[in-house]
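Peer 1: My questions all concern the structure below.
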Ligand code: DC
């Protein structure tokens, strides 16, 4: 295999709310890589489609829209690449619950997925990147040098999410959050096109009762081994 110019591709997949972004950013910071959240790309398209009142069930209209937008992924202060559409850097727009739900819906479609996968491959091809999503190790980078499947029980993910919201001074209904997580899992794992599933060669890490720092340490160790001991 030809080495990539900037290092390895580290693929992190797993269900909603498992901490892929937090863990991925910390890993990227430790190893000096950039971090890309592919969910943000689906969310950005969903946000724009909602803004324009587009039919969210029309795959070709969504692909058409995606193709007219100027997509950029600028690096800020930290390792994370942001998502900017037509020069507008997106932030809180993407965390809106409506946008999250719509993004999971549009991510079912073959055309949308093909567009996103192509863009994600171009973004990560040179390596030196931690990329998180649902199908990075199975579809976007089946040849990633390191693949992680991060998992946790729906209950543990709901507890963490409720704690996050309360820490921000927001209301959190545990039962409602759990219901949302279970439905999102079913949609992401049950779809026909590139469903969420563990790649056969991915390392399975269950973080249900493991602190985040330990998960990060474990991935950095796997990175060192994959990089041939050349390391951090
Ligand atoms: O990780 P997230 O919650 O920001 O992702 C939003 C939605 O996008 C998620 O419900 C499923 C979809 N998604 C996907 O299908 N494939 C990816 N690689 C990333 C996200």
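The values are calculated or read from the model by the stated rules, or taken from the named source; none is laboratory data. Since the model is a prediction, treat every value here as computed from it, not as a measurement. Glycine gets a Cβ as well: all are built from the backbone with ideal geometry, and neighbour counts include every protein chain shown.
Peer 1: Please work out which one of (1) part of a helix (DSSP H, G or I); (2) closer than 17 Å to residue 220 by Cα is the condition residue 10 fails and give its number.
Peer 2: Result: residue 10 fails condition (1) only.
Peer 1: Going through region 176-197 one residue at a time, which ones are in contact with a helix residue (DSSP H, G or I) (Cβ under 8 Å, 6 or more places away or on another chain) and within 19 Å of residue 132 (Cα to Cα)?
Peer 2: Result: 181, 184, 185, 187, 188, 193, 194, 195, 196, 197.
Peer 1: Right, something else. Residue 17: crowded, with 19+ Cβ neighbours inside 10 Å, modelled with pLDDT under 95 and closer than 30 Å to residue 176 by Cβ, yes or no? Full working, then the answer.
Peer 2: Working: crowded, with 19+ Cβ neighbours inside 10 Å: yes; modelled with pLDDT under 95: yes; closer than 30 Å to residue 176 by Cβ: yes.
Taking the combined requirement at face value, the residue satisfies it.
Peer 1: May I pose another question? Quick check on residue 72: is it surrounded by fewer than 18 Cβ atoms within 10 Å (Cβ to Cβ), at pLDDT 95 or above and touching a strand residue (DSSP E or B) at 6+ places or on another chain (Cβ under 7 Å)? Break it down into steps so the answer makes sense when it comes.
Peer 2: Details: surrounded by fewer than 18 Cβ atoms within 10 Å (Cβ to Cβ): yes; at pLDDT 95 or above: yes; touching a strand residue (DSSP E or B) at 6+ places or on another chain (Cβ under 7 Å): yes.
Yes: the conditions hold for residue 72.
Peer 1: Then there is this: Testing residue 63 on (1) modelled with pLDDT under 95; (2) touching a helix residue (DSSP H, G or I) at 6+ places or on another chain (Cβ under 6 Å), one condition comes back false. Which one is that?
Peer 2: Going through (1) modelled with pLDDT under 95; (2) touching a helix residue (DSSP H, G or I) at 6+ places or on another chain (Cβ under 6 Å) one by one, residue 63 breaks only (1).
Peer 1: Here's another thing I want to ask about it. Take the conditions over 29 Å from residue 30 (Cβ atoms) and in contact with a helix residue (DSSP H, G or I) (Cβ under 9 Å, 6 or more places away or on another chain) and apply them to residue 115. Does it pass?
Peer 2: Yes; evaluated as a whole, the condition is true for this residue.
Peer 1: Within region 201-216, can you find the residues that are free of Cβ contacts under 8 Å to residues at least 12 places away in the same chain and out of contact with any helix residue (DSSP H, G or I) (no Cβ under 9 Å at 6 or more places or on another chain)?
Peer 2: Answer for region 201-216, where residues must be free of Cβ contacts under 8 Å to residues at least 12 places away in the same chain and out of contact with any helix residue (DSSP H, G or I) (no Cβ under 9 Å at 6 or more places or on another chain): 211, 214.
Peer 1: Within region 141-189, take every residue that is touching a strand residue (DSSP E or B) at 6+ places or on another chain (Cβ under 7 Å) and over 20 Å from residue 214 (Cα atoms) and give me the one that is farthest from the ligand (Cβ to nearest atom). Explain how you work it out, then say what you get.
Peer 2: Residues of region 141-189 touching a strand residue (DSSP E or B) at 6+ places or on another chain (Cβ under 7 Å): 141, 144-152.
From what is left, the residues that are over 20 Å from residue 214 (Cα atoms) are 141, 144-145.
Values: 141: 11, 144: 13, 145: 18 Å.
Here the answer is 145.
Peer 1: Continuing with this model, one more query. Residue under question is residue 197, and the condition is that it be part of a helix (DSSP H, G or I), touching a residue at least 40 places away in the same chain (Cβ under 8 Å) and within 14 Å of the ligand (Cβ to nearest atom); does it hold?
Peer 2: For residue 197, the condition - part of a helix (DSSP H, G or I), touching a residue at least 40 places away in the same chain (Cβ under 8 Å) and within 14 Å of the ligand (Cβ to nearest atom) - is not met.
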